1. As an exercise, identify the chymotrypsin sites (Phe, Trp or Tyr not before Pro) in the range A:310-368 lying in DSSP coil whose Cβ has no more than 14 other Cβ atoms within 10 Å.
2. Fewest to most neighbouring Cβ within 10 Å: what's the order for B:Phe54, B:Phe191?
3. Cβ under 11 Å from A:Leu87's Cβ, A:Leu87 left aside: what net charge do those residues give with Lys, Arg +1 and Asp, Glu -1?
4. Considering only the range A:131-249, what is the antiparallel percent among its DSSP beta bridges, to the nearest 5?
5. Given the pairs B:Lys69/B:Lys174; A:Lys262/A:Lys360; A:Lys104/A:Lys306; B:Lys297/B:Lys351, which are separated by over 31 angstrom at their Cα positions?
6. Helices from chain A with mean Kyte-Doolittle at least -1.0 and a Cα length along the axis of 15 Å or more, per DSSP H: which?
7. Distance from a point 7 Å along Cα→Cβ of A:Arg331 to each backbone N in the range A:266-295: keep the residues under 15 Å and list them by number.
8. Out of A:Pro123, A:Val141, A:Cys216, whose Cα points farthest toward the positive end of the dipole of the range A:118-231 (charges: +1 Lys, Arg; -1 Asp, Glu; placed on Cβ)?
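Each reported figure results from applying straightforward, stated rules to the coordinates on display, with no laboratory input. Quick caveat, the model's predicted, so the values are computed rather than measured. A quick note on method: Cβ atoms are made from the backbone with ideal geometry, for glycine too, and the neighbour counts reach across all protein chains shown.
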Amino acid sequence: MAKTKQTKNGTVEKKLIGLADLVITAAQRAKDPTMAIPIRALSNVTFNERKGLLEMGHKKQARSFFNVGMAKKFMQTMLVADALSELQRAELTTSLREIYYRTKHTIQDSHENTFDTQDESDPIIEDLEVSLVALREELHVRAENGGSVVGPLVLGDDGDRVDCAKLGKGGYSVPSIVEPEYVEIRRCTADFVLLVEKGTQWNRLSEDKFWRRYNCVLLTGNGQPPRGVRRLARRLHEEYRLPVYVLVDNDPWGYYIYSVVKQGSINLAFESQRMAIPKAKFIGLSSADPERYELPRNVGIKLNEKDIARAKELLNYQWFQKPAWQAEIKRMLTSGLKYELDALANKDFQYLTKKYLPRKLKEKDWLD
Amino acid sequence: MATHKPPVSAAKSVFPSKIPPQPPASKKTGPRADSAVTAVEMGARQREISVSEFFTKNRHLLGFDNPRKALLTCVKEAVDNALDACEEAGILPEVTVQLEVVATGPSAVPPVSQATRFRITVTDNGPGIVRQQIPRIFAKLLYGSKFHRLRMSRGQQGIGISAAGMYGQLTTGKPVKIISRTGPKAAAHYFEVQIDTKKNEPLVHENKQIQWEQPRGTQVAIEVEGRYQKGRASVDEYLEQTSIANPHVRLIYRTPEGDTKEYPRAYHELPPSPKEIKPHPYGIEFGMLLKMLHEAKSQTLSSFLSSEFCRVTPALADEMCIAAKVSPKAKPRDIRGAIAETLYQTIQATKIMAPPTNCLSPIGEKAILSGLYKQIKGEFYTAVSRPPSVYRGNPFIIEAGLAFGKAPDGATKPEKPAMPLAEGEQEEGDSELARVIRYANRVPLLYQQSACATFKAVLATTWRNYGIAQSRGALPAGPMVIFVHIASVWVPFTSESKEAIAEYDEIHKEITLALRECGRRLGLFLRRRERAASEFRRRNIFELYIEEVVEACNRLKGGKLPTEKLKAQLHKIASSRTGGIKTDETLGKTGAGPEGLPHSIIVTADGIEGDAPPTPHVSRTIVPVTEVPDGIRIEENRPSSKPGRRQTAKPAPAKRGARRDAAVPSFAKMGSVAQPAGAVRTRRKAQLTRKKR
């Protein structure tokens, strides 16, 4: 395993050094050093219906040094590349914010900083990920440990055996890098994976030992699931053939979280190959549920303008074109209300664990 | 009340609308019964009051409201008089102002900030005053030469200096001390005078001949209660502003702290002496007309009209008489009542030529420029003199000037070390607002700015059009001084203390036009500078970043990169991509300035505009040498700038070159000696009597 890591690192480092060569060659030929960066936007994303995931197109934008508008970004890209190669050589992993601090300094003889805020350095790291076709993990950049897992699952992490069934109600905090080289799945006896949007609902299910009764792995990403959580779900899905169900709020953002898990995100479409779970199912909260589960109207929240605009955007996305989905979103728009998962507590604190999910699973009431 | 103000009823009679004061009323009676006073009793109390008494009580009307302002007013009156006298006598003024702290009682001299009593000594090199006139000029209110004629001067009524003396007398009990000498062969006279406030007559305490080192001139010393404080509306500010609007004056100021400041003469030419004019028919009120008719010396109405008013020809006079259905041959004294009123209305309805404007003496664009340039550190100066205009029959001229920026000052300061900025921190922006300096007949106006027509016009001007930020209803923002001057035979002040100019439509319009012209020129300058700066920034960006990129590449390559070579290669690309040598020239890189601007006086900042520079002085290519372009752009290091170092972006076409030659030397000359050729001006030798307001 150590060996594979070594070779991989080697290639990434080579790619980073390639950027320096690009500048040197261009300078020798008296040309403007220019790098091509794939565009990370909806315009450069296609939905592959056969594979059921988002794929990045081939559109690229040129970033050249001798262009007033791009000069600073070009310089910043070189600085980030330098910092990343330093990580490679030292075999360290780091956070986005540390990269920002590492590359920030005041340019000689001026009042100008290389970076003013982290908002400037983060997109550059993503630029490098896509243009070098290297995963963030391969670049040794980790995100926050943003999720938790509990269930009949045994993991190996840095040689430690982690039995996710014996971690109380807190569970195991999912690291941002869960590649086999880092986290090993030793055993999994669950029947399915339940990915919950909100930590509060995950806590409820964990506390009620829902996973034990229904033999599942409970995952949460506290909002938009971070890469580690998505990757872990994908590995469980792929390696243990477990179906994945997604439980989110009934609002446009919930729908989008589901779609990111299923097809991948627009911003990092190139990672869908490795992250997306095209067979993931949307278990709730559906816009049909309030009626079916007799949620009173007064626990709904009125859709605001942003919600409505976002829902209309979703209606146009290629991957929401299935009639069931169109109906689902339109139903929400017609009702003018959104519902939080927490609203289920209106009926009973344990309504989610004892009534809602059991009935959903029994009726196989989910959207694809 | 009664004890405090003995001449109470008399004073009140000035304001007839007020109720006559009641004597101490006998207790519980109603207001009517016992306390009533008979007309006879009242009549016994009614008596005349003298002007001096009136102003003793109402000193705020003359600008003596508080000790600080009083000190300023005294200096101001003395300096204004000195300047008026010198100019009228055709002498380039040299005025020394000295402020000294005076101890009160037996105690030691207090520090300046604590001091409450000052001696003000103002010395000039003017014509001096004949001996007989000295007491009355300095110790009699409303005595002077300026009130009865329509001619532009600083003082108007003849109150100022005697009021200052009176204030001194009132607060310190000390007389005004005067030394005056009318020429090297005449003796110097020393006077100590006070004013008899009851009679408004001078009281001479001391009168002797003395030895005086000055061959000619006048010195006034007044001791007053006052407060000395720097800052807004201070003596210092007044003197500084005086020196801006009067660059022909050499002003020496000895501060109470014992320092000596000199405001040198920057302009070696006296302002043209204004002519006296007769009143214009439009400016006359009905009552005034009646009085004039009554006092007329002329035999016929027609000759009265044509001789007593300006711009009325005998033919026009006849025409007006006929239109008013009066005989042109009628005796002026016989015109009364309804006939007079018809005549008055006819005159107002008749189309009469605007009054002559040679009664005005504008400062002149050239002099304003040198004044601003001398006192205010800036990068760009411009001045506009409007053509004369008329309000209510009084001719006036508006002049505006503008000084922008602070580069020369900043350039001398050592560049402060680059301080890295933390996240969320920003480079300190300039939130400074423009400063407005206002003048009426060359006298700075320091109080009541917001009530003044000039200030309102500055606010009403849309400075944003000229690239200057301006919040709603506020002054424009930026390092800028806006200069506005009104010259008129009769400046319409809003009050007797002469602090703000009244807002006549005609005046407002003229000020606005002048300001807009200044603004346009400033906008032009700013745009040009911005263009040059952005080119520079473009290049600069690459130069800044090349260093970073090369270092990053070097580290990526494991530190084995020939960095100098790579840098040189990149610099070459950068230079070729930003216009190469041509840009170097535009940016003055060859001479290197802080902003890449050449240090010289540039009239046309760059040639991109083509052969027709948009500043309005294009048409002046053929005017005589004495004319100076109205917009002058100055970089640091200016005195040493030689014509050879001057640069324009493009080789100037012959026409522009000629203009430059015409323009620059004359400006350079202002710092040197003589008056420009062709500027011979007739100077009237004024009679050697001191004028006062």
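1. Values: sites: A:Tyr317, A:Trp319, A:Phe320, A:Trp325, A:Tyr339, A:Phe349, A:Tyr351, A:Tyr356, A:Trp366; in loops: A:Tyr317, A:Phe349, A:Trp366.
Those that pass, being in a loop and sparsely packed, are A:Phe349.
2. Values: B:Phe54 18, B:Phe191 23.
Ranking B:Phe54, B:Phe191 by Cβ neighbours within 10 Å, fewest first, gives B:Phe54, B:Phe191.
3. Numbers: positive: A:Arg89, A:Arg102, A:Arg142; negative: A:Glu13, A:Asp82, A:Glu86, A:Glu91, A:Glu98, A:Glu138.
Counting the neighbours of A:Leu87, the net charge comes to -3.
4. On the way: 15 of 24 bridges.
Around 60 percent antiparallel, to the nearest 5.
5. Numbers: B:Lys69/B:Lys174 19 Å; A:Lys262/A:Lys360 19 Å; A:Lys104/A:Lys306 35 Å; B:Lys297/B:Lys351 26 Å.
Checking Cα-Cα distances, A:Lys104/A:Lys306 exceed 31 Å.
6. Details: long enough: A:2-28 (38 Å, -0.17); A:68-90 (34 Å, 0.32); A:118-131 (20 Å, -0.76); A:227-240 (19 Å, -1.49); A:252-263 (16 Å, -0.17); A:305-316 (17 Å, -0.88); A:323-335 (18 Å, -0.43).
Span-like helices in chain A: A:2-28, A:68-90, A:118-131, A:252-263, A:305-316, A:323-335.
7. Flagged as within label range: A:282-295.
8. A:Cys216
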